Amino acid sequence: MTWLFYILVLTATFIVMEGITWLTHRYVMHGFLWSLHKDHHQVEPGFFEKNDAFFVIFAVPSILLIYFGTFNNVWWMQAIGFGIMAYGAGYFLVHDVIIHQRFKWFTRSNNSYVRAIRWAHKMHHKHLDRHEGESFGMLLVHKKYWDKIRRDRKLMAGNKKVEYAPEME
């Protein structure tokens with residue numbers, strides 16, 4: 001029965017991490033640690049950014065929870081650590097691979113979720129300073145972005161000429 005609780009704690013941690021990510025992104029990354037996050041909102045050459053330090057910052061609690069949970073035989077602590085790690089892997093896949101395409105793995109996806117999450121993040125990045133931002137989460141997409149993707153699909157399915165998707169001749 002412990003394995004069921006383990007999976008529940010791991011899953012709950014993964015879900016709670018979206019809220020923690022939103023709060024951290026809004027109030028820490030766009031707040032007192034803007035100096036580390038700022039280069040993520042600027043177009044600069046190079047593969048690495050100061051913003052990548054957040055990967056390490058968020059990995060530390062996960063590593064410590066897994067370590068102490070394993071060596072002190074505290075299953076729930078280990079489950080929380082692995083839940084944070086799973087969210088970090090999902091964040092990496094969505095943010096660095098799908099949205100920013102730092103790795104060219106899924107560059108031509110036409111999936112509605114991928115299009116909605118990319119549009120939400122694009123709206124986040126239209127703000128070049130730390131104030132007046134929007135869409136601070138990562139894996140959950142606000143309804144207005146889903147609605148935009150649906151409208152775009154309808155426009156592209158019809159015979160209407162769409163400004164951002166010109167007809168091929």
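The values are calculated or read from the model by the stated rules, or taken from the named source; none is laboratory data. This one's a predicted model, so the numbers in the text were calculated from it and none came from an experiment. FYI the Cβ positions are ideal-geometry reconstructions off the backbone, even for glycines, and counts take in every protein chain you see. Just the protein is used for accessible areas: all its heavy atoms, side chains included, with ligands, DNA and RNA removed. Shrake-Rupley method; radii C 1.70, N 1.55, O 1.52, S 1.80 Å.
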Return yes or no: is Phe48 surrounded by fewer than 18 Cβ atoms within 10 Å (Cβ to Cβ), more than 21 Å from Tyr145 (Cβ to Cβ) and out of contact with any helix residue (DSSP H, G or I) (no Cβ under 9 Å at 6 or more places or on another chain)?
yes
If we keep only residues of the range 92-113 that are in a helix (DSSP H, G or I) and over 30 Å from Thr70 (Cβ atoms), then the residue most open to solvent (accessible area, probe 1.4 Å) is Tyr113
Of the residues in the range 25-39, those that are touching a residue at least 12 places away in the same chain (Cβ under 8 Å) and not aliphatic (A, V, I, L, M) come to His25, Arg26, His30, Gly31, Trp34, Ser35, His37, Lys38, Asp39
Scanning the range 54-76 for residues that are over 17 Å from the mean Cα position of the chain (by Cα), assigned to a helix (DSSP H, G or I), free of Cβ contacts under 8 Å to residues at least 24 places away in the same chain and surrounded by fewer than 18 Cβ atoms within 10 Å (Cβ to Cβ) gives Val60, Pro61, Ile63, Leu64, Tyr67, Phe68, Thr70, Phe71
From the option list Ala116, Ala79, Ala89, Ala120, single residue qualifying as surrounded by fewer than 15 Cβ atoms within 10 Å (Cβ to Cβ) and in a helix (DSSP H, G or I) is Ala89
Per the filter on the range 123-148, residues under 12 Å from the mean Cα position of the chain (by Cα) and open to solvent by 70 Å² or more (accessible area, probe 1.4 Å) are Leu140
